[in-house]
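The values are calculated or read from the model by the stated rules, or taken from the named source; none is laboratory data. Please read all numbers here as calculations on a predicted model, not as lab measurements. Here the Cβ positions follow ideal geometry from the backbone for every residue, glycine too, while neighbour counts run over all protein chains shown. Each accessible area value is taken on the protein alone, full model and side chains, heavy atoms only, with ligands, DNA and RNA left out. Shrake-Rupley method; radii C 1.70, N 1.55, O 1.52, S 1.80 Å.
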Amino acid sequence: MPESPQPQPTRTPRHVTPVPPPAHAALARSFDAVAAQYAAARPGCPPALFDTIEELAGQPLAGARVLDVGAGTGIATGLLAARGARVTAVEPGAAMAAELRAAHPGTPLVRALGDALPFAGDAGFDLVGYAQAWHWTDPARSVPEAMRVLRPGGALALWWNIPDPDIGWAAAQEARIARRLPEYHAHGVAPEAPDLIRGLGLGLRPAARVLHWTRRVPLDTHLAMLGSRSYFAAIGPAAAAPVLADERAALLDVFPDGVVEEAYALDVTVTRRPPVPS
């Protein structure tokens with residue numbers, strides 16, 4: 001679990017440019033190259049996230065049938081199960097799926113993409129969740145797929161951590177990396193979910209929140225987290241190494257004790273499937 005979460009709900013999510021659809025599948029699978037690193041270094045989410053999902057979805061997670069799509073190494077899978085959810089994981093990558101199986105051997109796992117869920121229309125899930133994964137899908141396909149496998153009144157929940165742009169050192173780091181690697185922000189950025197969902201013409205009414213939280217980790221863990229991002233995974237360790245070495249030097253100026261207080265803005269969007277008219 002992340003250390004010292006300090007969530008505070010604030011404003012609506014910021015606009016960022018979505019990943020071009022043709023790159024989705026290839027980039028999503030790039031995480032297989034860093035699966036163990038991803039499992040060890042990526043942040044989880046604070047308890048307030050799941051309180052928010054329950055509030056916006058209008059249902060408790062305890063006892064709910066939850067589909068964790070793009071489950072990766074199972075970070076969200078474990079957190080959802082800890083809240084009492086009955087979780088089925090969906091993950092396309094072989095190495096990521098292997099990490100999930102090792103961490104959560106009792107969790108049903110299906111190898112598939114979020115754009116084509118291999119479940120019948122009467123699957124009746126209470127919640128379909130995407131943790132750090134929805135931006136690897138085509139919303140025009142993944143949202144109808146989620147609605148198809150949800151029970152009437154069930155909910156689609158999307159969430160992702162990004163470096164908090166209101167924290168000076170985090171914003172400076174993102175700017176440094178973007179200058180060094182010009183295509184960096186074209187990889188793995190989250191779309192503005194509410195507008196995209198409303199624009200699909202399905203009559204859905206998404207609700208959005210932003211939570212702010214922090215965790216304290218050793219500098220090596222922070223650098224491993226950076227190295228597990230899609231762009232670094234795609235360019236490979238040789239090209240990533242000098243960038244991460246420069247980040248080590250820059251961060252030691254900010255955190256001379258070698259412990260980094262990572263700051264995250266956690267975007268949350270929840271959309272309910274309309275109930276069947278009585």
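Karplus-based coupling profile of the stretch 216-226, in residue order and whole Hz: 9, 9, x, 4, 4, 5, 4, 5, 5, 4, 4, with θ = phi - 60° in 6.51 cos²θ - 1.76 cosθ + 1.60 and x standing for Gly or Pro.
Charge dipole (Cα centre; +1 on Lys/Arg Cβ, -1 on Asp/Glu Cβ; no other charges) of the stretch 215-266 amounts to roughly 200 debye.
Using C-alpha pairs below 8 Å separated by at least 6 residues, the relative contact order for the stretch 111-175 is 38 percent. Here the accessible area of the chain is 58 percent carbon and sulfur, with a 1.4 angstrom probe and all protein chains present. Taking amide H positions as modeled 1.01 Å from N, with prolines and chain starts lacking one, the residues under 5 Å from ARG272 and 5 or more places away or on another chain are LEU156, ARG205.
The stretch between ALA36 and LEU200 holds 55.4 nm of extra length on full extension. This uses 0.36 nm per residue minus the Cα-Cα distance.
log10 I(q)/I(0), Debye, Cα-only the stretch 122-163, no solvent, q = 0.35 Å⁻¹? The Debye formula, applied to the Cα set alone, gives -1.20. Lys/Arg Cβ at +1, Asp/Glu Cβ at -1, dipole of the chain taken about the Cα centre: which of THR221, ALA97, VAL69 is farthest positive-ward? In the chain, that residue is VAL69.
For GLN132, the residues whose amide H sits under 5 Å from its own are TRP159, TRP160, ASN161, ignoring neighbours fewer than 5 places away on the same chain, with H placed 1.01 Å from N. Once the chain from ASP166 to GLU55 is taken as fully extended at 0.36 nm per residue, the excess over their C-alpha distance is 37.4 nm.
Among the protein heavy atoms, those of ARG273 account for about 70 Å² of accessible surface (1.4 Å probe, every chain in place).
Heavy-atom accessible surface of LEU219, to the nearest 10 Å², is about 10 Å², with a 1.4 Å probe and all protein chains retained.
Take the Cα of LEU219, go 7 Å toward its beta carbon, and the backbone nitrogen atoms of the stretch 238-266 under 18 Å from that spot belong to 241-263. Taking the Cα centre of the stretch 124-229 as reference, the dipole from Cβ charges on Lys and Arg (+1) and Asp and Glu (-1) amounts to some 80 debye. Across the stretch 87-99, coupling constants 3J(HN,Hα) worked out from phi with the 6.51/-1.76/1.60 Karplus curve, θ = phi - 60°, read 9, 10, 9, 10, 8, x, x, 5, 5, 5, 4, 5, 5 Hz, and Gly and Pro carry x. Coupling constants for the stretch 149-165 follow from the phi torsions by the Karplus curve (6.51 cos²θ - 1.76 cosθ + 1.60, θ = phi - 60°), and in residue order they are 9, 7, 6, x, x, x, 9, 9, 10, 10, 8, 7, 7, 10, x, 5, x Hz; glycine and proline get x. Between ALA64 and ARG86, the built amide H atoms are under 5 Å apart, and every one of these is 5 or more places off in sequence or on another chain.
Given the stretch 36-194, what whole percent of its Cα pairs are spread farther than 23 Å? So the pairs more than 23 Å apart make up 40 percent of the total in the stretch 36-194.
Using the Cβ-Cβ distance between ALA175 and ASP122 with R0 set to 41 Å, the FRET efficiency works out to roughly 0.25.
Selection among TRP169, ALA250, ALA35 by position relative to the dipole of the chain gives ALA35 as farthest towards the positive end (Cβ unit charges, Cα centre). How much of the calculated P(r) for the stretch 185-278 lies past 18 Å, in percent of all Cα pairs? It works out to 63 percent of all Cα pairs. Bridges between two residues of the chain, per DSSP, are antiparallel at a rate of about 55%. Put a plus charge on the Cβ of each Lys and Arg, a minus charge on the Cβ of each Asp and Glu, and nothing anywhere else: the dipole of the chain about its Cα centre is then about 640 debye.
Note on the chain: Cα-Cα pairs beyond 32 Å make up 20% of the total pair count.
Compactness of the stretch 119-278 was expressed as the Cα radius of gyration divided by 2.2 N^0.38 Å, which yields 1.25. The length gained on full extension between VAL254 and ARG111, counted as 0.36 nm times the residue separation minus their Cα-Cα distance, comes to 47.3 nm.
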